[in-house]
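Heads up: the structure comes next, in structure tokens.
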């Protein structure tokens, strides 16, 4: 029977308290960012968001606890089950809960009230969940038959190294103690458990999100924060403000007209949608979003004389810190993650030094680097999605965020959190060696047949999207003056939609 040390009891207390702390800050975050028009609505969907955000932040925290539990001894038996429970929760959330809550919220209709409206919302949510479940179940079960194996490299030695524990044996092998001649090398196919395989499939989906959004966000986030300071609104005179108001009033009239025509078109089609209508609606939403953002800047420039300077200074400092973290991640990938064998442990060694001073220092350093990746995913999402015509943008805006945006971003956070754990397990392999998550990702998942080649080249693709994010951000942020109110926003696309809808209405 495993003996529990003082460190084990400390870890149990931390693992019990931290989810409540994360949940508390998630509630505050939703309170601060929720739109006033949506403040008292969709309590159920917001509760789903709080729990989802809590899971995504907590699962990243478990990795250093896994390492500490190994040092304590007794709790190390439970960590594999903790990981599997959390991974199963994310799978359940992403496949069933988020689709239900999203469509439950989106299908709310003010024309339908009472029990009839509630049942309609529930039906839309159930149908969305069933569709996602069937697609995911078929993809996972069918692929599990052929891909549910890990190819493990096996070495046969003529004599095992001696030692009292597994770690002594491993140390003796590394030091070359005893006759340890390799007689034969071969590959052993091991069938993965179904829970491990589901996690691996979700991780691959998370990798697609992490590579595209996280890669772009690693350069977009620091650049946007720095340019927020460099291009802060300048004080605006009353004359210039009146000019800007006329320009935005003209654009607002067009937006209202487009919105009315889109709504009339939807009623004509009796709820049916076409690809053209979806494209027009998404372009309309983006135009509204851009108009609102630009007008807020103009109001700040006139009413607040450019705004609070400390906010922009804080953004600049945060941008510099983000840029340093991005550079450190890039250097760490080049030095440790890409070459085989690694040139230098780098961050692994830094974390070990922090732990020698005080374990919480190593934990704080780890959280800074990993949570930065999570925020980079959210920043990259807006940067990429705003450039895809058929895709909606779900930004997180202060006091102006709809519940659908919270749900969408929570789904991104949950999927990418699995990938960030895997990425961290690879990036900090020396720091977390012999832990259960090291075995889970760096042994089984990283050696899945056929899929293992994806993990060999994934870092090069990530480098590519880091560069793409830099280019996209620079192209969008550098042009134009600090106060872009003298010139009306681009209305070419909006005029095209308006002409198209008016032509359809005449028909």
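The values are calculated or read from the model by the stated rules, or taken from the named source; none is laboratory data. Because the structure is predicted, anything quoted here is derived from the model rather than measured. When we count neighbours, we look across all protein chains shown, and the Cβ atoms used for this are built from the backbone with ideal geometry, even at glycine.
Here is a check on your reading of the model: is residue 474 touching a strand residue (DSSP E or B) at 6+ places or on another chain (Cβ under 8 Å), at pLDDT below 90 and surrounded by fewer than 18 Cβ atoms within 10 Å (Cβ to Cβ)?
Numbers: touching a strand residue (DSSP E or B) at 6+ places or on another chain (Cβ under 8 Å): no; at pLDDT below 90: yes; surrounded by fewer than 18 Cβ atoms within 10 Å (Cβ to Cβ): yes.
Spelling it out, it is not the case that residue 474 is touching a strand residue (DSSP E or B) at 6+ places or on another chain (Cβ under 8 Å), at pLDDT below 90 and surrounded by fewer than 18 Cβ atoms within 10 Å (Cβ to Cβ).
Residue count for region 326-349 satisfying the condition of being under 26 Å from the mean Cα position of the chain (by Cα) and free of Cβ contacts under 8 Å to residues at least 60 places away in the same chain: 6. Inspection of region 32-43 finds a residue satisfying the criterion of being farther than 18 Å from residue 123 by Cα, surrounded by 21 or more Cβ atoms within 10 Å (Cβ to Cβ) and at pLDDT 80 or above. Within region 387-406, identify whether any single residue is surrounded by fewer than 21 Cβ atoms within 10 Å (Cβ to Cβ), modelled with pLDDT under 90 and part of a helix (DSSP H, G or I), and answer yes or no. So far as region 387-406 goes, yes, one or more of its residues are surrounded by fewer than 21 Cβ atoms within 10 Å (Cβ to Cβ), modelled with pLDDT under 90 and part of a helix (DSSP H, G or I). Report yes if some residue within region 48-67 is modelled with pLDDT of 90 or more, assigned to a helix (DSSP H, G or I) and farther than 30 Å from residue 432 by Cα; otherwise report no. Scanning region 48-67 turns up at least one residue that is modelled with pLDDT of 90 or more, assigned to a helix (DSSP H, G or I) and farther than 30 Å from residue 432 by Cα. Inspect region 413-428 for any residue being more than 15 Å from residue 372 (Cα to Cα) and in a loop (DSSP other than H, G, I, E, B) and give the result as yes or no. Yes: one or more hits. All of 12, 17, 21 fail the test of being assigned to a helix (DSSP H, G or I), closer than 27 Å to residue 365 by Cβ and either at pLDDT 85 or above or touching a strand residue (DSSP E or B) at 6+ places or on another chain (Cβ under 6 Å) (or both), apart from 21.
From the list 319, 411, which one is within 13 Å of the chain's Cα centre (by Cα) and at pLDDT 90 or above?
On the way: 319 fails: within 13 Å of the chain's Cα centre (by Cα).
Residue meeting the stated conditions: 411.
Checking each residue in region 350-362 for being closer than 13 Å to residue 428 by Cβ and either touching a residue at least 12 places away in the same chain (Cβ under 8 Å) or in contact with a strand residue (DSSP E or B) (Cβ under 6 Å, 6 or more places away or on another chain) (or both) picks out 350, 351, 352, 362.
If you go through region 335-346 and keep only what is part of a helix (DSSP H, G or I) and either out of contact with any helix residue (DSSP H, G or I) (no Cβ under 9 Å at 6 or more places or on another chain) or at pLDDT 95 or above (or both), you end up with just 335.
Condition check ((1) modelled with pLDDT of 85 or more; (2) out of contact with any strand residue (DSSP E or B) (no Cβ under 7 Å at 6 or more places or on another chain)) across all residues:
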{"position": "144", "(1), (2)": "yes, yes"}
{"position": "151", "(1), (2)": "no, no"}
{"position": "156", "(1), (2)": "no, no"}
{"position": "167", "(1), (2)": "no, yes"}
{"position": "172", "(1), (2)": "no, yes"}
{"position": "203", "(1), (2)": "yes, yes"}
{"position": "215", "(1), (2)": "yes, yes"}
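Within region 445-455, can you find the residues that are out of contact with any helix residue (DSSP H, G or I) (no Cβ under 8 Å at 6 or more places or on another chain) and modelled with pLDDT under 85?
Going through region 445-455, the residues out of contact with any helix residue (DSSP H, G or I) (no Cβ under 8 Å at 6 or more places or on another chain) turn out to be 447, 453.
The one that is out of contact with any helix residue (DSSP H, G or I) (no Cβ under 8 Å at 6 or more places or on another chain) and modelled with pLDDT under 85: 447.
So is residue 137 modelled with pLDDT of 65 or more and surrounded by 14 or more Cβ atoms within 10 Å (Cβ to Cβ) or not? Considered against the rule, which asks whether it is modelled with pLDDT of 65 or more and surrounded by 14 or more Cβ atoms within 10 Å (Cβ to Cβ), residue 137 comes out as no. In region 115-138, the residues that are in contact (Cβ under 8 Å) with a residue 40 or more places away in the chain reach residues that are surrounded by 13 or more Cβ atoms within 10 Å (Cβ to Cβ) with C-beta atoms within less than 6 angstrom, at least six apart or across chains, in these pairs: 136/95.
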